[in-house]
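The values are calculated or read from the model by the stated rules, or taken from the named source; none is laboratory data. Only a predicted model underlies this, so the values are computations on that prediction, with no experimental measurement involved. Every residue, glycine among them, receives a Cβ derived from its backbone with ideal geometry; neighbour counts consider all protein chains shown. These accessible areas exclude ligands, DNA and RNA; they are computed on the full protein's heavy atoms, side chains included. Shrake-Rupley method; radii C 1.70, N 1.55, O 1.52, S 1.80 Å.
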Amino acid sequence: MSPQPPRCCSAPARSPPTPCPSRPSSRSPATRSPWASPPATRSPTPSCSGPRLAPEPLAADGLGGMPQEPVKVRWQVAEDPLFRKVVKAGTVTATPNFGHSVHPEVWGLRPGRDYWYRFMAAGEVSQTGHTRTAPAYGSPLARMSFAFASCALYSHGFYTAYRHLADEDVDVVFHLGDYLYESGVTAENNWRRTTVDPSLAGETLDLARYRQQYGLYKSDPDLMAAHQSHAFVVAPDDHEIENNWADEVPEERSQSQGALWMPRRTAAFQAYYEHLPFRASSLPDGPDMQIYRNLRYGDLVDFNVLDTRQYRDDQAYGDGSDPASPELTPDIYDPSRSMMGLEQEAWLQRNWRQSTARWQVLANQAPMAETDLDETEAKTLYMDPWDGYIANRNRLLEGARTSGIENLVVITGDRHHNYASNLMADYDDPESAVVGSEFVGTSIASGGDGADMTTGGESLLLANDHLKFFNSQRGYVRVRVTPDELSSDFRVVPYVERRGAPISTRATYVVENGRPGVQLDTQNAAVGTKYADVPMPTLNR
Ligand SMILES: [Fe+2]
């Protein structure tokens with residue numbers, strides 16, 4: 001009997017299988033290979049989200065050096081890297097209106113298996129990529145592993161962490177946002193000090209420029225190595241479009257005010273879809289894109305991937321950081337404001353009520369645990385992350401409790417720091433219960449080299465009892481899950497402004513089954529040796 005297709009990626013609206021493979025080529029972007037700018041990605045489900053044909057990925061017209069005509073692309077999925085046993089194959093048409101990208105969906109692969117994939121077009125064969133399907137929904141699962149990453153500002157450093165991520169033995173990678181930034185590469189911000197085409201100095205404002213930016217980012221061999229090794233599940237934060245946008249409201253300093261905003265959002269989502277692995281259910285509809293979705297790994301873990309940008313109310317009080325209390329900042333306590341939108345909130349609660357998995361992991365963008373910036377009794381909070389939407393946060397955590405969720409773990413990007421935090425039912429109540437755990441992963445490159453501890457980090461640890469760990473080096477987080485515990489390794493590199501940094505585990509924090517809250521794994525606790533007086537980053541950069 002052939003197994004059922006894994007149900008690890010059911011989208012909330014339509015629910016097809018997911019995309020997986022796509023791949024790049026080893027050729028440089030300057031060559032004429034049709035795979036030169038290729039998106040490479042896969043998802044853990046049995047389908048394929050293909051590459052973009054772009055022999056000239058940095059072409060200023062955004063066409064990637066392709067003619068204005070459709071191109072047939074063949075794809076293959078095999079049980080071995082040499083393609084001796086091809087188990088699925090097909091042909092899709094890459095069309096100019098989606099930048100000659102393809103997103104084939106493959107059904108009927110076996111659950112919990114390794115597969116290899118490749119694409120063929122115009123007489124060229126792409127490199128081979130690897131993916132691993134999810135175990136069948138509800139099946140007994142003794143362990144799984146994943147990694148999560150975020151914030152890869154190209155100009156701030158090399159993607160050494162992505163290279164190390166490629167070598168990890170994990171089932172799937174979650175990318176939690178800021179995969180790409182809207183800012184151009186200039187002499188001032190190019191901390192890589194490599195030569196970048198002057199046409200990439202300006203901000204991404206239209207489709208051609210967003211495509212060009214993906215061409216730049218995907219020209220990096222370390223990023224492509226990570227894609228080739230692992231299935232990626234991606235969700236955008238803000239910079240895939242622009243800093244701190246909120247639904248139909250651009251940032252105050254945006255170059256795309258008024259009637260310029262929604263066309264820019266439309267262009268950014270189209271380019272995002274073209275270059276990353278999404279099913280047809282996420283095909284953008286103008287400025288809208290279905291991003292929140294659910295993935296299931298056997299009976300062990302349910303992942304709910306959030307979208308905290310598209311449906312949120314505008315940030316309160318001018319979107320900075322403010323002294324906060326119900327009297328000073330009533331808007332952030334206003335139950336009518338939401339960071340997720342009411343429909344997504346209801347979707348999440350429904351998933352939780354129906355789930356029987358041991359662990360619930362929420363793939364999230366901006367930090368959920370409170371970040372008090374004031375060491376005194378008073379509070380100062382950022383308005384962009386969950387601290388600016390306290391009623392929504394409390395509602396979400398209360399919903400987990402009423403749904404019987406015992407093991408809630410939130411994984412987060414955005415902050416460019418590593419945190420391990422307890423999630424509290426109410427941060428304004430000192431007697432409040434610990435109701436979950438949050439691991440915030442640092443950036444891949446944003447912020448440059450970073451440091452183990454900073455003055456800002458010391459202050460945060462003093463001001464926030466629930467914050468148990470801080471680090472500000474670059475890297476990613478590797479997570480191992482069993483029925484008994486969920487264990488997060490903070491993997492860091494000592495520098496990114498030069499190539500070739502080694503990777504190490506800075507600390508490991510564990511959550512035990514049935515016991516919310518993070519605990520230091522003392523057997524794996526490294527002692528930090530670096531210190532630098534690095535200021536807190538500009539919010540959400
Ligand atoms: Fe970021």
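Just one of V493, V481 is crowded, with 22+ Cβ neighbours inside 10 Å, touching a residue at least 24 places away in the same chain (Cβ under 8 Å) and closer than 23 Å to S139 by Cα; which is it?
Sole residue among the options that is crowded, with 22+ Cβ neighbours inside 10 Å, touching a residue at least 24 places away in the same chain (Cβ under 8 Å) and closer than 23 Å to S139 by Cα: V481.
Okay, residues lined up against (1) part of a loop (DSSP other than H, G, I, E, B); (2) within 28 Å of F490 (Cβ to Cβ):
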position: F158; (1), (2): yes, yes
position: A161; (1), (2): no, yes
position: N190; (1), (2): yes, yes
position: T195; (1), (2): yes, no
position: D222; (1), (2): no, yes
position: V233; (1), (2): no, yes
position: D237; (1), (2): yes, yes
position: E240; (1), (2): yes, yes
position: Q255; (1), (2): yes, no
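Right, F119: assigned to a strand (DSSP E or B), within 16 Å of the ligand (Cβ to nearest atom) and of a type in the set (A, V, I, L, M, F, W, C) or not?
Against the criterion (assigned to a strand (DSSP E or B), within 16 Å of the ligand (Cβ to nearest atom) and of a type in the set (A, V, I, L, M, F, W, C)), F119 does not qualify.
Any idea which residue in the range 117-128 is farthest from A225 (Cα to Cα), counting only those that are without any contact (Cβ under 8 Å) to a residue 60 or more places away in the chain and open to solvent by 50 Å² or more (accessible area, probe 1.4 Å)?
Among those that are without any contact (Cβ under 8 Å) to a residue 60 or more places away in the chain and open to solvent by 50 Å² or more (accessible area, probe 1.4 Å), it is G123.
Against the condition under 22 Å from F174 (Cβ atoms), charged (D, E, K, R) and more than 16 Å from the ligand (Cβ to nearest atom), how does R393 come out, does it pass?
In short, yes.
Quick check: is even one residue across the range 145-152 part of a loop (DSSP other than H, G, I, E, B), among the hydrophobic types (A, V, I, L, M, F, W, C) and within 16 Å of the ligand (Cβ to nearest atom)?
The answer is yes; a qualifying residue exists.
For the range 178-193, which residues satisfy the criterion of being within 16 Å of the ligand (Cβ to nearest atom) and hydroxyl-bearing (S, T, Y)?
Residues satisfying the conditions are Y179, Y181, S183.
Which residue, of E251, E274, is within 16 Å of the ligand (Cβ to nearest atom) and of a type outside the set (G, A, S)?
E251
Name the pairs: first residue in the range 242-260 and under 12 Å from E203 (Cβ atoms), second residue among the basic types (K, R) and loosely packed, with under 11 Cβ neighbours inside 10 Å, Cβ to Cβ under 9 Å, at least 6 apart or on different chains?
Once the first residue is under 12 Å from E203 (Cβ atoms) and sits in the range 242-260, its partners that are among the basic types (K, R) and loosely packed, with under 11 Cβ neighbours inside 10 Å give N243/R253.
Residue by residue, here is whether (1) within 13 Å of the ligand (Cβ to nearest atom); (2) open to solvent by 30 Å² or more (accessible area, probe 1.4 Å); (3) out of contact with any Asp or Glu (no Cβ under 8 Å at 6 or more places or on another chain); (4) under 12 Å from P367 (Cβ atoms) holds:
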position: S421; (1), (2), (3), (4): no, no, no, yes
position: D428; (1), (2), (3), (4): no, yes, yes, no
position: A433; (1), (2), (3), (4): no, yes, yes, no
position: G436; (1), (2), (3), (4): no, no, yes, no
position: V440; (1), (2), (3), (4): yes, no, no, yes
position: G448; (1), (2), (3), (4): yes, no, no, no
position: G456; (1), (2), (3), (4): no, no, yes, no
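As an exercise: evaluate E105 against (1) open to solvent by 40 Å² or more (accessible area, probe 1.4 Å); (2) modelled with pLDDT of 95 or more; (3) within 22 Å of E274 (Cβ to Cβ); (4) in contact with a Lys or Arg (Cβ under 7 Å, 6 or more places away or on another chain) and give the number of the one condition it does not meet.
(2)
Name the single residue that is surrounded by the fewest Cβ atoms within 10 Å (Cβ to Cβ) among those in the range 390-417 being under 21 Å from the mean Cα position of the chain (by Cα) and either under 16 Å from G341 (Cα atoms) or among the polar types (S, T, N, Q) (or both).
R393
Every residue, every condition in (1) of a type in the set (A, V, I, L, M, F, W, C); (2) part of a loop (DSSP other than H, G, I, E, B); (3) in contact (Cβ under 8 Å) with a residue 60 or more places away in the chain; (4) closer than 15 Å to N244 by Cα, yes or no:
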| position | (1), (2), (3), (4) |
| --- | --- |
| Y311 | no, yes, yes, yes |
| D322 | no, no, yes, no |
| N351 | no, no, no, no |
| M368 | yes, yes, yes, no |
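If a residue has to be within 16 Å of the ligand (Cβ to nearest atom), among the hydrophobic types (A, V, I, L, M, F, W, C) and within 16 Å of the chain's Cα centre (by Cα) to count, how many in the range 211-247 make the cut?
Qualifying residue count for the region: 4.
All but one of (1) open to solvent by less than 10 Å² (accessible area, probe 1.4 Å); (2) assigned to a helix (DSSP H, G or I); (3) within 21 Å of P494 (Cβ to Cβ); (4) of a type in the set (G, A, S) hold for G215; state the number of the condition that does not hold.
G215 satisfies every listed condition except (3).
So if I check each of Q360, Q344, Q365, which one is buried (at least 20 other Cβ atoms within 10 Å of the Cβ) and within 16 Å of the ligand (Cβ to nearest atom)?
Result: Q365 is the single residue among Q360, Q344, Q365 that is buried (at least 20 other Cβ atoms within 10 Å of the Cβ) and within 16 Å of the ligand (Cβ to nearest atom).
D178: in a loop (DSSP other than H, G, I, E, B), open to solvent by less than 40 Å² (accessible area, probe 1.4 Å), within 20 Å of E240 (Cα to Cα) and modelled with pLDDT of 95 or more, yes or no?
Taking the combined requirement at face value, the residue satisfies it.
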